[in-house]
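The values are calculated or read from the model by the stated rules, or taken from the named source; none is laboratory data. It should be emphasised that the depicted structure is a prediction, and the values quoted were computed from it without experimental measurement. Neighbour counts are summed over all protein chains in view; Cβ atoms, including those assigned to glycine, are modelled from backbone coordinates with ideal geometry.
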Amino acid sequence: MAFFLKYPPDYFQQEVDLSIKDNYYQSADFDSNYQFGNIETRSINWEEDPCDNKVIVGDDLVISEDQALEHNLTEVFEIYSPLENIIFRGYETNPSKKCKK
C-alpha cells in the first residue's frame, strides 16, 4: 500500500513497527494493526467508527450492504482486481445522520 501511494520510505520506517522486519525469520507473531500517515489497518468498531468523519474501506465480508445502510455510509470508491472484480469498497461516514454528540 505504501508503495502504490508513493508514501516516503523514511516516514514509513519511523511510523511502523520495525520488529516485523527485524524478526522476520524468528517470530511467528504478527500484528496486522498498524498506522502510517492517515491510514490505519484494524477491525471496524461499529459503535465508534461511524461517529467520526472518515472513510472506511473493506470487502463485502467486512462491510455488507445492510451494514452500510444501517450505519448511513456513503460509497465513495471501489477498487478492482486485474480481472475487473470489486475487491474493496470505500465508504464515507455520516456522523450527523448516525450519531448524536
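General remarks:
- Test for ASP66: is it under 21 Å from ILE87 (Cα atoms), surrounded by fewer than 11 Cβ atoms within 10 Å (Cβ to Cβ), more than 15 Å from the chain's Cα centre (by Cα) and modelled with pLDDT of 80 or more: yes
- Residue check for LYS98: surrounded by 12 or more Cβ atoms within 10 Å (Cβ to Cβ) and either modelled with pLDDT under 85 or in contact with a His (Cβ under 9 Å, 6 or more places away or on another chain) (or both): yes
- Just so you know, in region 17-36 the residues that are within 20 Å of VAL57 (Cα to Cα) and part of a loop (DSSP other than H, G, I, E, B) include one that is modelled with the highest pLDDT, and it is ASN33.
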